[in-house]
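Where a number appears in this text, it was derived from the coordinates with a stated rule and is not lab data. Model, not experiment: these values are computed from the prediction. Every residue, glycine as well, gets a Cβ built from its backbone with ideal geometry; the counts of neighbours run over all protein chains shown.
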Amino acid sequence: MQVFSLKRLFLFLSLLSFLFSLTSAQYQTLSPSQTKLLIRLYHILQSPQALSPLNTTTNFCYLPQSPNLTITCSNNQVTELIVVGDRPFSSNWRNALSASFSIDAFFTTLVRLSSLEVLSLVSLGMWGPLTSKIDRLNSLRVLNLSSNHIYGDIPKEISTMTSLQNLVLSNNYMNGTVPNLKPLTGLAELDLGFNRLGPDFPSLSNSIVKLVLKNNSLTKLPQNLAKSLSMVEKLDLSFNKLSGWVPSSLFSLPSIKYLDLSHNKLTGQLPETLTCSNSISFVDISNNMLSGTLPSCIVSNSSNRVVDFSWNCLNMVDMRYQHPNSYCNEGALAAVLPPPNDITTSKKSSTSLIVGIVGGVLGCVAIIALIVGIVLKKAKKQGRFEDGSVFKPKKGKSVAKSSRTPVDKRHATQAARLGAMEVTPYRIFTIEELEEATNNFDHSNLIKNSAQGQFYKGWLQDGTTVVVRCLKLKQKYFSQNLAQYMDIISKLRHRHLVSIIGHCTSDDQDSINTPTMVYLVTEYVCNGTLRSHLTEWRKREMLKWPQRVTAAIGVARGVQFLHNVSVPGITGNDINADNVFLDHTLTAKVGNFNLPKLPSNKNHKGASESSISLFEENIHGSIRNIEQGQKEDIYQLGLILLEVLTGKPAQSKNQLDSVKSLLQKGLNEGQEKLKGIVDPTICGTFAMDSLRTVVELTLNCLTENARDRPSIDDVLWNLQYSVQVQEGWASSGNLSVQL
């Protein structure tokens, strides 16, 4: 009996000792110096909610973990610090910390936590350049500073942090060239998306598993890129400015599962012999300028693979979702075959390639010579060339004068430069062609008669439906001045504009060299306006949330193009939901935008010295300067966003102020309040964070002080961020709406 009691006592003491050791191992206390450092960081970050309430008596190592805060300790030192705040990236810096914040002071304090291995500081409103002091945290395995307002270059010292395995700096304002990251031989994840980095592609070690560089300014893919991506599983290079050929080796990377090259300017054909990795399950090459036939390996195993190849110039696919070949010809003319660095060929195939290239060049020369001969012969029959460039017809009222002929090489260069253009090549029409198209401008074809001109519906000989806009000049202009002006007009073509595809000028019979009428030929968009798709639910397809944000992005891109197409830009436009048209693919196109002003004949007797507009000023009055015009366009864009959110336009200033107040209240009081304000037809189709981003952007665009409104680039950034959040929500098993 006594032996049994001693055995029980021994077991009890052993259990007690084990529990004590376990508790001691789990229960860490920080050194006083480390505690003071955390308190100081808390104050420098202006008391973020995730760290409240903390004081010197708080046992940081024993705080319960949460989605917003994790602190892990070892040997009385902080080894892991994860903080997620409530100040995400905002285009107008609304969520940034106040001017008293010092990023240098913050990192000077932070690097004294020298045992840190995991550092994640997300949505804390930090702003300023990332300091080179970051390399003092040489034990870091994970560095995540995403969704802040950090700007400037990525410091080159980051290349010395050889312990890094995960580097995430996405959703900031960082720019410039990414430093050489080859020394980071253990780096598995690199996410630099949604910055302004470029133009050079970063140098990487071959340890990368996840590489996200979307929404930056990268311009070219290295042809030997695959050598450094032998372990990559996810590669996202979408929404950059990448041009040239697609390295076919990217599709056959041994571990690749996710490949996104969409929304770039990639050209050429993918080889028919392209091989695809068995592991690849997602491929997006949409919205590029690829031509030819889609390789069979991409579309095979379609039940186990998501593939998007829309909006290229591919053959043997559904042409409703492809551009015409002319869209890609300029960029893809020299990109029919993959580059030599990307294929392995024998001596025989190399010889064949050389022969093919020589033959192709000779063929092109012959074709060009033939075209030139035909043009010259036709010119000789109909009239003559004046000053070597301006063509004069033999007879008729029509005066088709320009600083270049329709086949001018500069036109092709300009078309290639406008990567988003989705219209037919620009051309000069004769008045006879337009009379035939409109049945002599018959009243039955009159669409609109306003101060901005008469608008006629017409049909060209090839069956294309167009709109002919007739503008009467307010004074007479020399042909040379008008030709220069029409050259500017010819550049107003973009996928998200109701684009001008040609023009014609005509004159009085009394004065053949001074045109009095200008006819602008624009594309005809037949699927209704954005407003009709938001309000006329009995007639139109009602747009769900993803479709609405996509349309808003299209409007913003059209406005961005207008602001940058010329110097000064085209601003102060009449942008509203009735002037935004949707085509059969629901692509948004801005119509009724302003035209540049036509300079008057300064040396012409009796002519005014001031610039004369071809159109009456719009209803918003004159624009004092270009900056005011840009900010006015942002305000109009805000009204469109408000209509996208609520499904109806604001009818008065009082109603507008009331809706703005409700939206602000919804942001402050929570998602249920916000859901009660937005259009009920989109309920269940949006991610709350996606909706909140657009609501915040809308209020910023509609702020009374024009200086506080975001730039058009910031508007685009936020809308694209909203889409990214929406896609993440949909891919997590929530409701997804097919665009």
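Below is a table of values for the structure above.
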item	result
R0 of 30 Å, Cβ-Cβ distance Asn315-Glu727: FRET efficiency to nearest 0.05	0.55
Packing rank of 572-583, 244-255, 494-505, where each peptide gets the mean count of other beta carbons within 10 Å, highest leading	494-505, 572-583, 244-255
Label zone at Arg112, where the point sits 7 Å out along the Cα-to-Cβ direction: segment 55-83 residues whose backbone N lies under 14 Å	78
FRET E, pair Asn206, Ile488, Förster distance 51 Å, beta-carbon r, rounded to 0.05	0.55
Residues whose placed amide H lies under 5 Å from that of Cys73, excluding near-sequence neighbours	Thr79
Derived scalar couplings ³J(HN,Hα) [segment 491-506; Karplus, 6.51 cos²θ - 1.76 cosθ + 1.60; whole Hz; x for Gly, Pro]	8, 7, 9, 7, 4, 9, 10, 6, 7, 7, 9, x, 8, 8, 10, 9
Long pairs among Lys265/Lys457; Lys210/Lys265; Lys214/Lys665; Lys472/Lys648, criterion Cα-Cα beyond 27 Å	Lys265/Lys457; Lys214/Lys665; Lys472/Lys648
Spin-label model distance (nm) - Phe282 vs Ser252, 7 Å beyond Cα toward Cβ	2.5 nm
Average Cα contact separation per residue, segment 117-341, under 8 Å, 6 or more apart, as relative contact order %	11 percent
Cα-based Rg and Dmax for segment 117-341, where Dmax is the largest Cα-Cα distance (Å)	18.4, 56
Mean separation of Cα contacts under 8 Å (6+ apart) over length of segment 202-275, as relative contact order %	31 percent
Spherically averaged projected area in nm², based on the convex hull that wraps the Cα atoms of segment 49-128	5.9 nm²
Charge sum, other residues only, whose C-beta stays under 11 Å from Leu266's C-beta, Lys/Arg counted +1 and Asp/Glu -1	+3
Calculated on alpha-carbon atoms, Rg and Dmax of segment 642-739 in Å	13.8, 41
Asn654-Asn668 pseudo-label distance in nm [points 7 Å out on the Cα-to-Cβ vector]	2.2 nm
